Amino acid sequence: MKKIRAAITGINAWAPEYRLTNHELSKMVDTSDEWIMQRVGIKERRILKGEGLGTSHLGEQAVKGLLEKTGTSPDEIEILICATVTPDMQFPATANIISEKCGIKNAWSFDLGAACSGFLFALQTATSFIESGRFKKIIVVGADKMSSITDYTDRTTCPLFGDAAGAILLEPTTEEVGVMDSILHTDGSGQKYLHLKAGGSAKPASHETLEAKEHFIYQEGQSVFKFAVSSMADVAAEIMERNNLKPEDISWLVPHQANLRIIDATGRRMGLPPEKVMINIEHYGNTTAATIPLCIWEYESRLKKNDILILAAFGGGFTWGSIYLKWAYNPK
Ligand code: UT7
(Lines give C-alpha, C1' and ligand atoms only; values in the text may rest on other atoms or scores of the structure.)
Protein backbone atom coordinates (compact mmCIF):
# COMPACT_ATOMS: atom_id res chain seq x y z
CA MET A 1 0.00 0.00 0.00
CA LYS A 2 1.25 3.47 -0.86
CA LYS A 3 2.06 5.81 2.01
CA ILE A 4 -0.52 8.51 2.71
CA ARG A 5 1.11 11.94 2.68
CA ALA A 6 -0.31 15.29 3.73
CA ALA A 7 -0.38 17.83 0.89
CA ILE A 8 -1.12 21.54 0.99
CA THR A 9 -3.93 21.88 -1.56
CA GLY A 10 -4.70 25.57 -1.04
CA ILE A 11 -3.32 28.63 0.70
CA ASN A 12 -4.62 32.08 1.56
CA ALA A 13 -3.52 34.95 3.76
CA TRP A 14 -4.86 38.23 5.00
CA ALA A 15 -3.36 41.35 6.52
CA PRO A 16 -5.16 44.50 7.67
CA GLU A 17 -5.00 47.58 5.48
CA TYR A 18 -3.36 50.00 7.91
CA ARG A 19 0.39 50.35 7.26
CA LEU A 20 2.54 51.56 10.14
CA THR A 21 5.61 52.97 8.38
CA ASN A 22 9.11 53.55 9.74
CA HIS A 23 8.50 57.25 9.21
CA GLU A 24 5.45 57.15 11.50
CA LEU A 25 7.32 55.03 14.08
CA SER A 26 10.15 57.55 14.16
CA LYS A 27 7.63 60.11 15.44
CA MET A 28 6.59 57.74 18.25
CA VAL A 29 10.03 56.58 19.49
CA ASP A 30 13.68 57.53 18.98
CA THR A 31 14.36 55.48 15.85
CA SER A 32 14.91 55.93 12.13
CA ASP A 33 14.14 54.24 8.82
CA GLU A 34 17.89 53.78 8.33
CA TRP A 35 18.39 51.90 11.65
CA ILE A 36 15.38 49.64 11.12
CA MET A 37 16.26 48.84 7.49
CA GLN A 38 19.92 48.15 8.29
CA ARG A 39 19.39 46.05 11.43
CA VAL A 40 16.12 44.28 10.65
CA GLY A 41 14.98 44.98 7.07
CA ILE A 42 11.42 46.19 7.78
CA LYS A 43 9.83 49.17 6.01
CA GLU A 44 6.24 48.86 7.20
CA ARG A 45 3.97 46.52 9.13
CA ARG A 46 0.17 46.06 9.03
CA ILE A 47 -1.86 46.90 12.13
CA LEU A 48 -5.39 45.74 12.89
CA LYS A 49 -7.47 48.70 14.04
CA GLY A 50 -11.05 48.54 15.27
CA GLU A 51 -12.52 47.93 18.68
CA GLY A 52 -13.15 44.31 19.60
CA LEU A 53 -11.21 42.92 16.65
CA GLY A 54 -8.71 40.29 17.73
CA THR A 55 -6.68 37.50 16.17
CA SER A 56 -9.86 35.62 15.21
CA HIS A 57 -10.73 38.47 12.84
CA LEU A 58 -7.42 37.98 11.03
CA GLY A 59 -7.94 34.21 10.96
CA GLU A 60 -11.54 34.55 9.80
CA GLN A 61 -10.54 36.56 6.73
CA ALA A 62 -7.77 34.11 5.82
CA VAL A 63 -9.98 31.03 6.28
CA LYS A 64 -13.05 32.42 4.48
CA GLY A 65 -10.86 33.26 1.49
CA LEU A 66 -9.26 29.81 1.62
CA LEU A 67 -12.64 28.03 1.59
CA GLU A 68 -13.81 30.15 -1.32
CA LYS A 69 -10.60 29.76 -3.29
CA THR A 70 -10.51 25.97 -2.91
CA GLY A 71 -14.25 25.50 -3.43
CA THR A 72 -14.51 23.83 -0.02
CA SER A 73 -17.70 23.81 1.99
CA PRO A 74 -17.23 24.68 5.68
CA ASP A 75 -19.06 21.41 6.50
CA GLU A 76 -16.24 19.36 4.97
CA ILE A 77 -13.58 20.59 7.43
CA GLU A 78 -12.83 18.03 10.14
CA ILE A 79 -10.15 19.80 12.21
CA LEU A 80 -9.02 23.44 12.46
CA ILE A 81 -5.78 24.25 14.27
CA CYS A 82 -4.86 27.85 15.02
CA ALA A 83 -1.24 28.60 15.87
CA THR A 84 -1.11 31.83 17.86
CA VAL A 85 0.39 33.55 20.90
CA THR A 86 -2.18 36.34 20.84
CA PRO A 87 -5.50 34.52 21.30
CA ASP A 88 -8.67 36.63 21.44
CA MET A 89 -8.97 35.57 25.09
CA GLN A 90 -7.53 32.92 27.42
CA PHE A 91 -10.42 30.66 26.56
CA PRO A 92 -12.22 29.52 24.51
CA ALA A 93 -9.61 28.82 21.85
CA THR A 94 -9.32 31.30 19.00
CA ALA A 95 -9.60 28.29 16.67
CA ASN A 96 -13.15 27.76 17.96
CA ILE A 97 -14.03 31.41 17.37
CA ILE A 98 -12.62 31.28 13.81
CA SER A 99 -14.61 28.10 13.12
CA GLU A 100 -17.79 29.75 14.36
CA LYS A 101 -17.20 32.89 12.27
CA CYS A 102 -16.56 30.79 9.15
CA GLY A 103 -19.56 28.47 9.58
CA ILE A 104 -17.32 25.45 10.26
CA LYS A 105 -19.62 23.25 12.33
CA ASN A 106 -18.37 19.68 11.87
CA ALA A 107 -14.79 20.24 13.00
CA TRP A 108 -13.05 20.04 16.35
CA SER A 109 -10.60 22.83 16.77
CA PHE A 110 -7.87 23.97 19.11
CA ASP A 111 -5.06 26.50 19.51
CA LEU A 112 -1.40 25.62 19.47
CA GLY A 113 1.20 27.89 21.06
CA ALA A 114 4.74 27.68 19.73
CA ALA A 115 5.33 31.39 19.05
CA CYS A 116 7.20 32.01 15.79
CA SER A 117 7.49 28.26 15.13
CA GLY A 118 3.74 27.87 15.64
CA PHE A 119 2.92 27.32 11.98
CA LEU A 120 5.54 24.57 11.64
CA PHE A 121 4.40 22.81 14.83
CA ALA A 122 0.75 23.03 13.71
CA LEU A 123 1.56 21.84 10.19
CA GLN A 124 3.39 18.79 11.55
CA THR A 125 0.52 18.08 13.98
CA ALA A 126 -2.03 18.24 11.16
CA THR A 127 0.25 16.12 8.96
CA SER A 128 0.21 13.33 11.55
CA PHE A 129 -3.61 13.41 11.64
CA ILE A 130 -3.76 13.15 7.83
CA GLU A 131 -1.11 10.40 7.68
CA SER A 132 -3.13 8.37 10.20
CA GLY A 133 -5.70 7.91 7.43
CA ARG A 134 -8.57 9.08 9.61
CA PHE A 135 -8.90 12.71 8.45
CA LYS A 136 -9.35 14.15 4.95
CA LYS A 137 -9.56 17.93 5.31
CA ILE A 138 -7.74 19.97 7.94
CA ILE A 139 -7.19 23.72 8.08
CA VAL A 140 -4.07 25.11 9.73
CA VAL A 141 -4.13 28.84 10.48
CA GLY A 142 -1.16 30.89 11.68
CA ALA A 143 -2.53 34.16 13.08
CA ASP A 144 -1.21 36.83 15.38
CA LYS A 145 -2.25 40.32 16.34
CA MET A 146 1.20 41.24 17.64
CA SER A 147 0.17 44.91 17.99
CA SER A 148 -1.95 43.81 20.98
CA ILE A 149 1.17 42.90 23.00
CA THR A 150 3.63 45.46 21.59
CA ASP A 151 4.74 48.45 23.65
CA TYR A 152 4.79 51.41 21.25
CA THR A 153 7.03 53.36 23.64
CA ASP A 154 9.78 50.69 23.49
CA ARG A 155 12.01 51.26 20.46
CA THR A 156 13.75 47.90 20.88
CA THR A 157 10.60 45.90 20.10
CA CYS A 158 7.95 48.13 18.48
CA PRO A 159 9.53 48.26 14.99
CA LEU A 160 9.65 44.47 14.76
CA PHE A 161 6.10 43.17 14.81
CA GLY A 162 2.91 43.28 12.71
CA ASP A 163 -0.52 41.65 12.40
CA ALA A 164 -1.60 39.02 9.84
CA ALA A 165 -2.96 35.52 9.28
CA GLY A 166 -2.23 32.75 6.80
CA ALA A 167 -4.19 29.53 6.32
CA ILE A 168 -3.69 26.28 4.43
CA LEU A 169 -5.89 23.35 3.51
CA LEU A 170 -4.20 19.99 4.13
CA GLU A 171 -5.46 16.83 2.40
CA PRO A 172 -4.23 13.24 1.91
CA THR A 173 -2.46 12.11 -1.25
CA THR A 174 -0.69 8.94 -2.32
CA GLU A 175 1.52 10.88 -4.74
CA GLU A 176 5.09 11.69 -3.74
CA VAL A 177 4.20 15.28 -2.78
CA GLY A 178 3.32 17.05 0.46
CA VAL A 179 5.12 17.03 3.79
CA MET A 180 8.15 14.75 3.43
CA ASP A 181 10.05 15.32 6.69
CA SER A 182 10.24 17.55 9.74
CA ILE A 183 12.67 18.34 12.56
CA LEU A 184 11.18 20.30 15.47
CA HIS A 185 12.74 21.38 18.76
CA THR A 186 12.00 23.18 22.01
CA ASP A 187 14.32 24.40 24.75
CA GLY A 188 12.49 25.92 27.69
CA SER A 189 15.68 27.45 29.07
CA GLY A 190 15.31 30.11 26.36
CA GLN A 191 12.20 31.41 28.08
CA LYS A 192 14.14 34.07 29.97
CA TYR A 193 15.13 35.90 26.79
CA LEU A 194 11.69 36.22 25.21
CA HIS A 195 8.35 36.13 27.02
CA LEU A 196 5.30 37.96 28.31
CA LYS A 197 5.77 38.47 32.03
CA ALA A 198 2.17 38.69 33.27
CA GLY A 199 -1.41 37.85 32.47
CA GLY A 200 -0.99 34.07 32.77
CA SER A 201 -1.73 31.86 35.78
CA ALA A 202 1.74 32.38 37.29
CA LYS A 203 1.28 36.13 37.45
CA PRO A 204 -2.31 37.17 36.83
CA ALA A 205 -3.10 40.70 35.69
CA SER A 206 -3.11 43.31 38.47
CA HIS A 207 -2.69 47.06 38.83
CA GLU A 208 0.99 46.38 39.52
CA THR A 209 1.54 44.30 36.39
CA LEU A 210 -0.18 46.97 34.30
CA GLU A 211 1.96 49.73 35.76
CA ALA A 212 5.12 47.69 35.25
CA LYS A 213 4.14 47.16 31.57
CA GLU A 214 4.32 43.41 32.01
CA HIS A 215 1.66 42.65 29.40
CA PHE A 216 4.00 43.52 26.55
CA ILE A 217 6.64 41.45 24.73
CA TYR A 218 9.89 41.23 26.68
CA GLN A 219 12.86 40.41 24.46
CA GLU A 220 16.61 40.43 24.94
CA GLY A 221 17.23 40.99 21.26
CA GLN A 222 20.93 40.17 21.00
CA SER A 223 20.65 36.86 22.88
CA VAL A 224 17.65 35.79 20.83
CA PHE A 225 19.48 36.84 17.66
CA LYS A 226 22.47 34.65 18.52
CA PHE A 227 20.35 31.54 19.12
CA ALA A 228 18.09 32.26 16.13
CA VAL A 229 20.95 32.60 13.62
CA SER A 230 22.62 29.36 14.60
CA SER A 231 19.53 27.24 15.33
CA MET A 232 17.55 28.14 12.22
CA ALA A 233 20.52 27.68 9.92
CA ASP A 234 21.58 24.41 11.62
CA VAL A 235 18.15 22.80 11.48
CA ALA A 236 17.63 23.78 7.83
CA ALA A 237 21.04 22.32 6.94
CA GLU A 238 20.25 19.17 8.97
CA ILE A 239 16.99 18.47 7.12
CA MET A 240 18.83 18.89 3.80
CA GLU A 241 21.55 16.41 4.82
CA ARG A 242 19.12 13.87 6.25
CA ASN A 243 17.20 13.86 2.93
CA ASN A 244 20.27 13.99 0.69
CA LEU A 245 19.20 17.34 -0.72
CA LYS A 246 21.77 19.53 -2.46
CA PRO A 247 21.33 23.30 -2.82
CA GLU A 248 20.45 22.78 -6.51
CA ASP A 249 17.58 20.42 -5.55
CA ILE A 250 15.87 23.09 -3.48
CA SER A 251 13.38 25.40 -5.18
CA TRP A 252 12.66 27.68 -2.24
CA LEU A 253 13.66 28.39 1.34
CA VAL A 254 10.67 29.75 3.27
CA PRO A 255 12.16 31.29 6.42
CA HIS A 256 10.35 32.83 9.37
CA GLN A 257 10.52 36.59 8.83
CA ALA A 258 12.01 38.06 12.03
CA ASN A 259 15.17 39.72 10.78
CA LEU A 260 16.65 39.93 7.28
CA ARG A 261 20.10 39.18 8.70
CA ILE A 262 18.84 35.87 10.19
CA ILE A 263 17.17 35.00 6.87
CA ASP A 264 20.36 35.77 4.89
CA ALA A 265 22.49 33.69 7.26
CA THR A 266 20.15 30.70 6.88
CA GLY A 267 20.17 30.93 3.07
CA ARG A 268 23.98 31.19 3.02
CA ARG A 269 24.41 28.20 5.35
CA MET A 270 22.22 26.13 3.00
CA GLY A 271 24.28 27.27 0.01
CA LEU A 272 21.27 28.89 -1.67
CA PRO A 273 21.40 31.92 -3.96
CA PRO A 274 19.26 34.85 -2.72
CA GLU A 275 16.70 34.36 -5.52
CA LYS A 276 15.66 31.04 -3.96
CA VAL A 277 14.76 32.64 -0.62
CA MET A 278 11.20 33.88 -0.04
CA ILE A 279 11.26 37.29 1.62
CA ASN A 280 8.47 39.72 2.45
CA ILE A 281 9.61 41.03 5.85
CA GLU A 282 9.97 44.52 4.38
CA HIS A 283 6.20 44.90 4.03
CA TYR A 284 4.82 42.97 7.01
CA GLY A 285 7.49 42.70 9.73
CA ASN A 286 7.36 39.75 12.09
CA THR A 287 3.79 38.42 12.21
CA THR A 288 4.85 35.46 14.40
CA ALA A 289 2.76 32.38 13.44
CA ALA A 290 1.63 33.99 10.17
CA THR A 291 4.98 34.73 8.51
CA ILE A 292 5.45 31.40 6.70
CA PRO A 293 1.94 30.96 5.19
CA LEU A 294 1.87 34.70 4.35
CA CYS A 295 5.13 34.32 2.45
CA ILE A 296 4.11 31.16 0.57
CA TRP A 297 0.79 32.80 -0.36
CA GLU A 298 2.59 35.80 -1.86
CA TYR A 299 4.84 33.50 -3.93
CA GLU A 300 2.07 30.97 -4.79
CA SER A 301 1.86 31.89 -8.51
CA ARG A 302 5.58 31.08 -8.89
CA LEU A 303 5.33 27.59 -7.37
CA LYS A 304 5.11 24.46 -9.50
CA LYS A 305 4.12 20.90 -8.64
CA ASN A 306 7.08 18.95 -7.18
CA ASP A 307 8.99 22.12 -6.22
CA ILE A 308 11.03 21.39 -3.10
CA LEU A 309 10.41 23.84 -0.24
CA ILE A 310 12.32 24.01 3.02
CA LEU A 311 10.41 25.84 5.76
CA ALA A 312 12.43 27.06 8.76
CA ALA A 313 11.57 29.00 11.90
CA PHE A 314 12.87 30.10 15.28
CA GLY A 315 10.98 31.76 18.11
CA GLY A 316 9.96 32.19 21.72
CA GLY A 317 10.23 29.16 23.94
CA PHE A 318 12.72 28.65 22.48
CA THR A 319 11.09 26.74 19.65
CA TRP A 320 12.61 26.03 16.26
CA GLY A 321 12.49 23.64 13.39
CA SER A 322 12.35 22.88 9.72
CA ILE A 323 9.90 21.13 7.38
CA TYR A 324 10.74 19.68 3.97
CA LEU A 325 7.80 19.60 1.59
CA LYS A 326 7.09 19.03 -2.08
CA TRP A 327 4.58 21.47 -3.52
CA ALA A 328 1.45 19.64 -4.67
CA TYR A 329 -0.04 21.73 -7.48
CA ASN A 330 0.73 23.99 -10.43
CA PRO A 331 -0.40 27.63 -10.57
CA LYS A 332 -4.14 27.78 -11.25
O1 UT7 B 1 10.74 35.98 15.97
C2 UT7 B 1 11.01 35.79 17.33
C3 UT7 B 1 12.46 35.70 17.54
N4 UT7 B 1 13.03 37.02 17.57
C5 UT7 B 1 14.07 37.33 16.81
O6 UT7 B 1 14.49 36.52 16.02
C7 UT7 B 1 14.72 38.66 17.02
C8 UT7 B 1 16.20 38.50 17.18
N9 UT7 B 1 16.89 39.77 17.47
C10 UT7 B 1 17.04 40.72 16.53
O11 UT7 B 1 16.53 40.62 15.44
C12 UT7 B 1 17.92 41.90 16.87
O13 UT7 B 1 18.62 41.64 18.04
C14 UT7 B 1 17.14 43.25 17.04
C15 UT7 B 1 16.59 43.69 15.70
C16 UT7 B 1 15.99 43.07 18.03
C17 UT7 B 1 18.08 44.34 17.54
O18 UT7 B 1 19.20 44.47 16.66
P19 UT7 B 1 20.70 44.46 17.23
O20 UT7 B 1 21.57 44.65 16.06
O21 UT7 B 1 20.86 43.21 18.02
O22 UT7 B 1 20.72 45.74 18.11
P23 UT7 B 1 21.10 45.87 19.66
O24 UT7 B 1 19.99 45.38 20.51
O25 UT7 B 1 22.46 45.31 19.87
O26 UT7 B 1 21.18 47.45 19.81
C27 UT7 B 1 22.21 48.21 19.16
C28 UT7 B 1 22.00 49.68 19.46
C29 UT7 B 1 21.78 49.98 20.94
O30 UT7 B 1 22.36 51.22 21.21
P31 UT7 B 1 23.79 51.31 21.93
O32 UT7 B 1 23.63 50.57 23.23
O33 UT7 B 1 24.74 50.63 20.99
O34 UT7 B 1 24.00 52.77 22.05
C35 UT7 B 1 20.28 50.12 21.03
O36 UT7 B 1 19.87 50.94 22.10
O37 UT7 B 1 20.81 50.13 18.79
C38 UT7 B 1 19.94 50.76 19.73
N39 UT7 B 1 18.57 50.53 19.28
C40 UT7 B 1 17.95 51.33 18.40
N41 UT7 B 1 18.34 52.46 17.76
C42 UT7 B 1 17.46 53.01 16.91
C43 UT7 B 1 17.75 49.52 19.64
N44 UT7 B 1 16.57 49.65 18.99
C45 UT7 B 1 16.67 50.76 18.22
C46 UT7 B 1 15.79 51.41 17.32
N47 UT7 B 1 16.22 52.53 16.69
N48 UT7 B 1 14.56 50.94 17.06
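Has segment 307-327 got any residue that is away from the ligand (no atom under 16 Å from the Cβ), under 15 Å from the mean Cα position of the chain (by Cα), surrounded by 19 or more Cβ atoms within 10 Å (Cβ to Cβ) and not in a loop (DSSP other than H, G, I, E, B)?
In the first step, residues of segment 307-327 are kept if they are away from the ligand (no atom under 16 Å from the Cβ); the result is 307-310, 323-327.
Next cut, under 15 Å from the mean Cα position of the chain (by Cα) only: 310, 323.
Among the residues that remain, those that are also surrounded by 19 or more Cβ atoms within 10 Å (Cβ to Cβ) are: 310, 323.
Adding the requirement that they be not in a loop (DSSP other than H, G, I, E, B) leaves 310, 323.
Looking for residues that are away from the ligand (no atom under 16 Å from the Cβ), under 15 Å from the mean Cα position of the chain (by Cα), surrounded by 19 or more Cβ atoms within 10 Å (Cβ to Cβ) and not in a loop (DSSP other than H, G, I, E, B), one finds at least one in segment 307-327, hence yes.
Is it fair to say GLY267 is more than 16 Å from the ligand (Cβ to nearest atom) and touching a Pro at 6+ places or on another chain (Cβ under 7 Å)?
No: the conditions fail for GLY267.
Test ASP88 against the criterion of being buried (at least 18 other Cβ atoms within 10 Å of the Cβ), assigned to a loop (DSSP other than H, G, I, E, B) and of a type outside the set (Val, Ile, Thr), and give yes or no.
Criteria met by ASP88.
Which of the residues spanning segment 228-250 are surrounded by fewer than 17 Cβ atoms within 10 Å (Cβ to Cβ) and either closer than 23 Å to LYS304 by Cβ or touching a Gly at 6+ places or on another chain (Cβ under 8 Å) (or both)?
ASN243, ASN244, LYS246, PRO247, GLU248, ASP249 - these are the residues of segment 228-250 that are surrounded by fewer than 17 Cβ atoms within 10 Å (Cβ to Cβ) and either closer than 23 Å to LYS304 by Cβ or touching a Gly at 6+ places or on another chain (Cβ under 8 Å) (or both).
Can you tell me which residues in segment 269-306 are farther than 26 Å from HIS57 by Cα and either touching a residue at least 60 places away in the same chain (Cβ under 8 Å) or open to solvent by 10 Å² or more (accessible area, probe 1.4 Å) (or both)?
Of everything in segment 269-306, those that are farther than 26 Å from HIS57 by Cα and either touching a residue at least 60 places away in the same chain (Cβ under 8 Å) or open to solvent by 10 Å² or more (accessible area, probe 1.4 Å) (or both) turn out to be ARG269, GLY271, LEU272, PRO273, PRO274, GLU275, LYS276, VAL277, ARG302, LYS304, LYS305, ASN306.
Across segment 189-226, what is the total count of residues that are farther than 19 Å from PRO159 by Cβ, open to solvent by 80 Å² or more (accessible area, probe 1.4 Å) and either within 16 Å of the ligand (Cβ to nearest atom) or touching a residue at least 12 places away in the same chain (Cβ under 8 Å) (or both)?
4
Condition first: open to solvent by less than 10 Å² (accessible area, probe 1.4 Å) and of a type in the set (S, T, N, Q). Now tell me which residues in segment 44-83 satisfy that.
Matches in segment 44-83: THR55, SER56.
So which of GLY41, GLY50 is part of a loop (DSSP other than H, G, I, E, B), farther than 24 Å from THR125 by Cα and without any contact (Cβ under 8 Å) to a residue 12 or more places away in the chain?
Details: GLY41 fails: without any contact (Cβ under 8 Å) to a residue 12 or more places away in the chain.
On inspection, the qualifying residue turns out to be GLY50.
Of the residues in segment 127-185, how many are more than 21 Å from the chain's Cα centre (by Cα) and open to solvent by less than 10 Å² (accessible area, probe 1.4 Å)?
Here the count works out to 1.
The values are calculated or read from the model by the stated rules, or taken from the named source; none is laboratory data. No experiment lies behind these values; they were computed from the predicted model shown. Every residue, glycine as well, gets a Cβ built from its backbone with ideal geometry; the counts of neighbours run over all protein chains shown. Protein only, heavy atoms only, side chains kept; ligands, DNA and RNA dropped before computing areas. Shrake-Rupley method; radii C 1.70, N 1.55, O 1.52, S 1.80 Å.
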